[in-house]
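Participant: Sharing a structure, written as structure tokens. Questions coming.
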Amino acid sequence: MPIARLTYNPGWRWYDDWREAMGAGETCLRRHAGIVLSGHLHLELGDGSTMDLTAGDAYDIPPDHDGWVIGDEAFIALDTEAWRLFS
């Protein structure tokens, strides 16, 4: 199974840093699933709910979300879906 290693540095935000490159609208329209190795990522979902991911968390993020790194540590995760963005 292909796995992508994601590294988002402090200050990274999907809307500011990836939206234009992905040719997307206001939110990421891709699903993500994986496990967090380090850092803290805050997500806001299209339905208004939020998620916070930290080291050791397994996640399944539905399409329609924005996210950003919280704190001074890079967010690092292994993601089983993100590789599709670049294939």
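Participant: Can you list residues whose amide H is under 5 Å from H40's amide H, if they're 5+ apart or on another chain and H is modeled 1.01 Å from N?
Facilitator: Counting only residues 5 or more places away or on other chains, the set is I70, F75.
Participant: 5 Å is the cut-off here: which amide hydrogens, built 1.01 Å from N in the peptide plane, fall below it relative to A33, excluding neighbours closer than 5 in sequence?
Facilitator: I61, T80, E81, A82
Participant: Tell me, in nm to one decimal, what length is gained between D64 and L37 on full extension, where the rule is 0.36 nm per residue of separation less the Cα-Cα distance?
Facilitator: The D64-L37 span can extend by a further 7.4 nm.
Participant: In addition: Quick one: 3J(HN,Hα) in Hz for region 6-16, Karplus 6.51/-1.76/1.60 with θ = phi - 60°, rounded, Gly and Pro as x.
Facilitator: 9, 10, 10, 6, x, x, 5, 9, 4, 4, 7
No lab work stands behind these numbers, since they all come straight from the coordinates. What you see is a predicted model; the values in this text were computed from it and never measured.
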